[in-house]
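The values are calculated or read from the model by the stated rules, or taken from the named source; none is laboratory data. This one's a predicted model, so the numbers in the text were calculated from it and none came from an experiment. Quick reminder, even Gly has a Cβ in these numbers, built from the backbone with ideal geometry, and neighbours come from all protein chains shown. The area values use the complete protein model at the heavy-atom level, side chains included, leaving out ligands, DNA and RNA. Shrake-Rupley method; radii C 1.70, N 1.55, O 1.52, S 1.80 Å.
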Amino acid sequence: MDRIVILGGGVGGTLVANLLVKKLRRRMDRGEATITIVDASGEHTYQPGFMYIAMGGERAEHLKRPERSLLDKRVTLVVGEVEKVEEETRLVRLAGGEVVGYDHLVIASGSRILPEEIEHFEQEAHHFYSAEAARRLRTALDGFKGGRIVIGIASMPYKCPPAPLEVAFLIESELRERGLRDKTEMHFCSPIGRAFTIESVSEMATPILEQKGIELHTFVNVEAIDPERKVVLSLEGEEFPYDLLILVPPHKGAQFVIDSGLAPAPGGWLPTDRHTLQVGGRPNVYALGDATDLPLSKAGSTAHFEAPVVAERIAATVEGRTVAKKHGSYEGKVMCFFEIGDGKGTLLQFDYDHPPKPPRPNQLWHLGKIVFNKTYWHTVPKGRV
Amino acid sequence: MTETIATPTISRTIDARGSFCPGPLMELIRAIREGAVGDVLEVYSSDRGSKTDIPKWVEKAGHNLIGVFERDGYDAVVVEKLR
């Protein structure tokens, strides 16, 4: 009996489970293999939609579905919070005292946002990394009558790297439409020496920032927020006054991976092989998605392209065969749409060896993103694309 | 730069080899936040971008770049925390 346990029911975990069923269906039906997903909420959330709650009239209820509804009936779903992985005994301990044994472990536990790590963040700053926060940002934008908007990134890494630039571009378009652009100063603060981590994307985005009159500030690492003076202070010694502050909150990996000694504190990102996706050289432990320490976007797209590799490698072990050439090694493939505003978008497609060459922004890529968002439930989690 | 100056006493070494831009810079920033004024921090980086990115950040942040030293397959960037 091979017990495959997947921790996390997001894009990566759900897709690995369904792809494994396709490969191991007969063994599962004979009782020789089991697949179990452990998920804290039992609900699958389409997180890229959060930004559209703030920017595009999306509703939170459209972004959630029961995890059970996305899984093949052969997969067992356990709803519970993981407390610890015990490698010696191959056990996963849950908060309620339940224990799940494994032979093969997939860690798809994503990342956590921690606004509380910056004092006054929750009172002063807006973000769009939860449905509730995105709704609050929408309300703040509705009430905005002009002033100084500061958009920044509290620390790296964070989920969906293009999102802060997309939000800057979309807000700029909206303010123009509402006749508020002349009354608004916009500032985009990047923690590194350019607008975006990948140089070619930075080269594409920087002229757009200029054209839209959004001032770019580089090497801005948020140190503190002064709520009295309405000022963001950077580690580098600069001050940015704001009327509306939008900050990507600090992110970390799941606490249990730190507590289990699988990932180093304080970040909690799992040391993951860039091709095999095995964790710290362990032959039976894999990671994918936001949970890894790979130098790639923390995005559903990354998990989407990693999942077939994890599924193939585990299936090969279970079946006692060599890993198939197709999907045997992850080459860093990521693909995501990038909103530019004014109904236009572009596409970022890259891998470890090929940086993105974003096409000229047009309406097609914007529509592509909208269509992808709407069809996600029927395609990605079920392994249809 | 060659290693011709006296090597200062290193307070903390951050081994960011294998990490890609901006990983080594982010590791240095974390160490600067955690360290005390006067600490000398050494970052090992195998990412070529660090050679230029880290000195630019150090200048903007008002710290002292002691040097960028080429080692066997990686660079050691040595920074003194000044404030």
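Computed packing ranks the peptides A:208-218, A:123-133 as A:123-133, A:208-218, most packed first, by mean other Cβ atoms within 10 Å. Taking 0.36 nm per residue of sequence separation and removing the Cα-Cα distance, the residue A:325/residue A:142 pair yields an extension gain of 60.6 nm. Straight-line reach from residue A:145: taking Cα to Cα under 20 Å and skipping same-chain neighbours fewer than 8 places apart, the lysines in range are A:183, A:212, A:230. Comparing each chain alone with all protein chains together (probe 1.4 Å, DNA, RNA and ligands left out), the residues of segment A:222-254 losing at least 30 Å² of accessible area are A:235, A:236. Counting Lys and Arg as +1 and Asp and Glu as -1 over every other residue whose Cβ lies under 13 Å from the Cβ of residue A:294, the net charge comes to -3. For chain A, the share of accessible area belonging to carbon and sulfur comes to 50 percent (1.4 Å probe, ligands and nucleic acids excluded).
Label separation (residue B:11 vs residue A:3): 4.9 nm, computed from points 7 Å beyond Cα along the C-beta direction. Here residue A:62 and residue B:56 are evaluated by their C-beta separation; at R0 = 41 Å the FRET efficiency comes out at 0.40. Of all beta bridges that DSSP places with both ends in the protein assembly as shown, some 50 percent have antiparallel geometry. The residues of segment A:234-385 expose, per residue, 41 Å² of accessible area to a 1.4 Å probe. Across segment A:182-190, rounded Karplus estimates of 3J(HN,Hα) from the backbone phi angles (6.51 cos²θ - 1.76 cosθ + 1.60, θ = phi - 60°) give 5, 9, 10, 9, 10, 10, 10, 10, 10 Hz, Gly and Pro being marked x.
Distance cut-off 20 Å, Cα to Cα: go down the list A:22/A:84; A:84/A:382; A:22/A:369; A:64/A:159 and report the pairs above it. Checking Cα-Cα distances, A:22/A:84; A:84/A:382; A:22/A:369 exceed 20 Å.
Here residue A:76 and residue A:316 are evaluated by their C-beta separation; at R0 = 25 Å the FRET efficiency comes out at 0.65. Near residue A:174, once Lys and Arg are set to +1 and Asp and Glu to -1 for all other residues with Cβ below 11 Å from its Cβ, the sum equals 0. Between residue A:119 and residue B:65, what's the calculated FRET efficiency when r is the beta-carbon distance and R0 is 30 Å? Round to 0.05. E between residue A:119 and residue B:65, to the nearest 0.05, is 0.50. Here the relative contact order of chain A, from alpha carbon pairs under 8 Å that lie six or more residues apart, stands at 18 percent. Using the 1.4 Å probe convention, the accessible area of segment A:57-193 works out to 44 Å² per residue with neighbouring protein chains retained.
Among the residues of B:20-33, the average count of other protein chain beta-carbon atoms within 10 Å of the residue beta-carbon is 4. Roughly how much accessible area, to the nearest 100 Å², goes out of reach of solvent when A and B pair up, both sides summed, probe 1.4 Å? Approximately 1400 Å², summed over both chains.
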